[in-house]
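Inspection log for the structure reproduced underneath, given as structure tokens.
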Amino acid sequence: MAKHDPDFQTAGARPSAGDCLPQAPDADFARFNLIGNSPLFLRTLALIRRIAVSDATVLILGETGTGKELAARAIHYLGARRDAPFIPINCGAIPENLVESELFGHARGAFTDARESQPGVIAQAEGGTLFLDEIESTSARTQVALLRFLQDHEYRPVGGSARGADVRIIAASNADLETLAAHGAFRPDFLFRLNLLSLEIPPLRVRGDDVMLLAETFLLRYAAQYQKPARELDTAAVEFLRTHTWPGNVRELENFIHRKILLESGSLARAEESRSATAGAALPVDPLARTGKRFREARAQAISDFERSYLSELLIRASGNVSLAARLCGTERRRLGKLMKKHGLTRPLVRARRRDDG
Ligand SMILES: Nc1ncnc2c1ncn2[C@@H]1O[C@H](COP(=O)(O)OP(=O)(O)O)[C@@H](O)[C@H]1O
Ligand SMILES: [Mg+2]
């Protein structure tokens, strides 16, 4: 579920006070894939720098897809713990009864299946940072255990005895934790302790021209990855990108461009087309159009349309990694490769290929 993350390795000197100035677009942050030039975003980057030099617990708040995990990685890799692991875990994705064992590990014989003792993610993150995403989904019991860890750096593996760990905690949430705490749905003492430093990532819709900058970056990235020609944004596309409210923030924008490049469905321009693509819907314009065709022909067309949209969604989910895509949908890589070829979805470039073959 969690593993040491080799994406960002050690580099650069410790940030100095001068690095904290918010004005200059920051080459250092390109390394963390944090793109944006709007004043609000630059202020966020400046805050990330300041937080990175401290060692306190951090709470990152922001809507889904705003870049909370990227921010957490930047804090880790800009800080003194950069040579130790950064371990991300999504608390919302772990079944409630397994959370404690995942976090703290368990002793041998702690429960029926526990033939061997197993370290938890806290132990794996020793010396580094543990990123707890969707912290609002932890139970009151887990919150108490984590609170204890935040207070005295001690924890107890399930069925084991107390031990210590030197781990920085960065938590994230897209929920309003204050309100949850006021309604008894989140422990106020835990919130208080998490919130020593807090970082709020602004939604994409208030970041001005960052939308365009990000769209152009993703266009180039995915065109190169799929060996497709880079496309220009025309006025209608620009209008759509600017007026859409992006409830899924940067993730939604990235998926939107990724899908566009994969499907190559004509102009990137037409706003209605863009909207239906965003909604993931592929409804025929004329609901009776299909019955104008012979059954076999209509069925073949429907299957082909389905294959194309399924494949593009799948490749987006797997970030273009064909082996992973094959595993996700439970088919063989070769079979998937054939289907991709049939639909003109070129194999991703070298980088993804190398990952596949490893
Ligand atoms: N400022 C940014 N520049 C480039 N890519 C970004 C930026 N913010 C987010 N992303 C991309 O958007 C997606 C969602 O980011 P993530 O950190 O997982 O968001 P969150 O944790 O807030 O849901 C990721 O693919 C990430 O690479
Ligand atoms: Mg996230």
Please identify the pairs in which a residue from region 283-298 that is part of a loop (DSSP other than H, G, I, E, B) has its Cβ atom under 8 Å from the Cβ atom of a residue that is at pLDDT 70 or above, counting only partners at least 6 apart or on another chain.
-> PRO284/ARG290; LYS293/GLN301
Answer yes if at least one residue in region 128-147 is surrounded by 13 or more Cβ atoms within 10 Å (Cβ to Cβ), among the basic types (Lys, Arg), away from ligand 1 (no atom under 16 Å from the Cβ) and farther than 18 Å from HIS76 by Cβ, and no otherwise.
-> no
Of the candidates ARG115, ARG148, ARG49, ARG81, the one satisfying the condition of being in the same structural domain as ASP28 (by TED's automatic domain parsing), of a type in the set (Lys, Arg) and in contact with a helix residue (DSSP H, G or I) (Cβ under 8 Å, 6 or more places away or on another chain) is ARG49
Hey, among ALA230, ALA181, which residue is without any contact (Cβ under 8 Å) to a residue 12 or more places away in the chain, assigned to a helix (DSSP H, G or I) and away from ligand 2 (no atom under 16 Å from the Cβ)?
-> ALA181
Test result for PHE256, in a helix (DSSP H, G or I) and more than 16 Å from ligand 1 (Cβ to nearest atom) = no
Those residues that are within 18 Å of LYS260 (Cβ to Cβ) and outside any helix (DSSP H, G or I), I need them from region 309-348; list them, please.
-> ALA318, SER319, GLY320, HIS343, GLY344, LEU345, THR346, PRO348
Which pairs do you get when a residue that is more than 13 Å from ligand 1 (Cβ to nearest atom), found in region 55-84, comes within reach of a residue that is assigned to a helix (DSSP H, G or I) and among the acidic types (Asp, Glu), reach meaning Cβ atoms under 7 angstrom, with the pair 6+ apart or on two chains?
-> none
With respect to PHE86, is the statement that it is in contact with a Pro (Cβ under 6 Å, 6 or more places away or on another chain) and surrounded by 22 or more Cβ atoms within 10 Å (Cβ to Cβ) true?
-> no
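The values are calculated or read from the model by the stated rules, or taken from the named source; none is laboratory data. Note that the structure is predicted; figures quoted are calculated from it, not measured. Don't worry about glycine lacking a Cβ; one is built from the backbone with ideal geometry, like all the others, and counts go over all protein chains shown.
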